[in-house]
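Q: A single structure is presented below for examination.
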Amino acid sequence: MSGKLYLVATPIGNLEDITLRAIRILKEVDIILAEDTRQTLKLLNHLEISKTLISYHRHNEEIKVDNIIQKLEEGANIALVSDAGTPVISDPGEVVVKEALKNNIEVIPIPGACALINGLIVSGLDAKEFSFYGFLPLNKKLRKEKLEEIRNENKTIILYEAPHKILNTLNDLRDILGNRKLVIARELTKIHEEYIRGNIVEILEKYKEPRGEHIIIIEKNNIKKEQLQNELINSMTIQQHYSYYEKQGFSKNEIIKKIAKDRNVAKNEIYKLFI
Ligand code: SAM
């Protein structure tokens, strides 16, 4: 019978933030896959657990996966942990999860700390609906596209960011989103835990030397969808306006009707332009 793959959440700072079930699973499994074996060893020593560790990180995921699946098929129970928090979330794991499911191996989550959820719940921002974007791309073009997507989101936005890039990211956010309200959750669950709240310009003025781990939680775009649509349409030429509806699959007659309504002009005038 195949073994099981457990995705075990570990603390994001405070070592007390690990569940009784997670400790039991780490004790019971045959192997632990660790993003950084030295980091996991510290946790295991603290918990007085001695176990075979296999390194499993972003750069060897593809190489290691077949061997891991083989071990699971031979009956080994395996736990996957990352350096901190919930595996797979901006961390390695997706490859082995997909492959395990393909091979009918049971994948079981062992819940626990996750930085984004804890940052969100103390942010005071709208938590009913939110979008998590992880780390922004570094490539200039992709980054700009992602930031533009974020600008139009009608949900609270959550980003992860490295300390040495945070000021640069705040500057980019100000340039593309405008002076939006946000919260920085720093060093969650650790000694220097801190929350910095305000609009981007205020935060950039007072926050000069970021240290430690950061999450950025951004207030949603409060402009209504309808208003965004109007802004978009106003910025289009009549030809772009036509293609915009054409791409959505509308017929010629429907497009003409829609353009006339959007631009508040007679249907005939638009019709003449497109015959
Ligand atoms: N899998 C992890 C989780 O469940 O949150 C996230 C791993 S990701 C590689 C690391 C990023 O998570 C950091 O750059 C930071 O943005 C965020 N993070 C992790 N621990 C944190 C903490 N204690 N305080 C604030 N942010 C944290």
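Q: Can you confirm whether Gly212 is among the small types (Gly, Ala, Ser) and touching a His at 6+ places or on another chain (Cβ under 7 Å)?
A: yes
Q: Continuing with the same structure: Against the condition crowded, with 17+ Cβ neighbours inside 10 Å, part of a loop (DSSP other than H, G, I, E, B) and among the hydrophobic types (A, V, I, L, M, F, W, C), how does Leu170 come out, does it pass?
A: So Leu170 fails the test.
Q: Here is a further query. Residues that are of a type in the set (Asp, Glu) and either within 16 Å of the ligand (Cβ to nearest atom) or touching a Phe, Trp or Tyr at 6+ places or on another chain (Cβ under 9 Å) (or both): does region 123-144 have at least one? Reasoning before the result, please.
A: Let us first name the residues in region 123-144 that are of a type in the set (Asp, Glu), namely 126, 129.
Next cut, either within 16 Å of the ligand (Cβ to nearest atom) or touching a Phe, Trp or Tyr at 6+ places or on another chain (Cβ under 9 Å) (or both) only: none.
Within region 123-144, not a single residue is of a type in the set (Asp, Glu) and either within 16 Å of the ligand (Cβ to nearest atom) or touching a Phe, Trp or Tyr at 6+ places or on another chain (Cβ under 9 Å) (or both).
Q: Return the pair list, or none, for Cβ contacts closer than 8 Å from residues in region 152-172 that are assigned by TED's automatic domain parsing to the domain that holds Gly124 and among the basic types (Lys, Arg) to residues that are assigned to a loop (DSSP other than H, G, I, E, B) and more than 9 Å from the ligand (Cβ to nearest atom), at least 6 apart or on different chains.
A: Lys155/Asp126; Lys155/Glu129; Lys155/Lys220
Q: Just name the residue that is least open to solvent (accessible area, probe 1.4 Å) out of those in region 140-167 that are touching a helix residue (DSSP H, G or I) at 6+ places or on another chain (Cβ under 6 Å) and charged (D, E, K, R).
A: Once the filter is applied, the top-ranked residue is Glu161.
Q: So which of Lys141, Lys146, Lys128 ends up being among the basic types (Lys, Arg) and over 17 Å from the mean Cα position of the chain (by Cα)?
A: Lys141
Q: Among the residues of region 70-112, which ones are of a type in the set (A, V, I, L, M, F, W, C), part of a helix (DSSP H, G or I) and either open to solvent by less than 10 Å² (accessible area, probe 1.4 Å) or within 16 Å of the ligand (Cβ to nearest atom) (or both)?
A: Leu72, Val95, Val96, Val97, Ala100
Q: Run down Tyr195, Tyr207 and say which single residue is among the aromatic types (Phe, Trp, Tyr) and within 20 Å of the chain's Cα centre (by Cα).
A: After applying the criteria, what remains is Tyr195.
The values are calculated or read from the model by the stated rules, or taken from the named source; none is laboratory data. Small disclaimer: the values here were computed from a predicted structure and weren't measured. Reconstructed Cβ throughout: ideal geometry from the backbone, glycine too, with neighbour counts over all protein chains shown. SASA here: full protein model, heavy atoms, side chains in, ligands and nucleic acids out. Shrake-Rupley method; radii C 1.70, N 1.55, O 1.52, S 1.80 Å.
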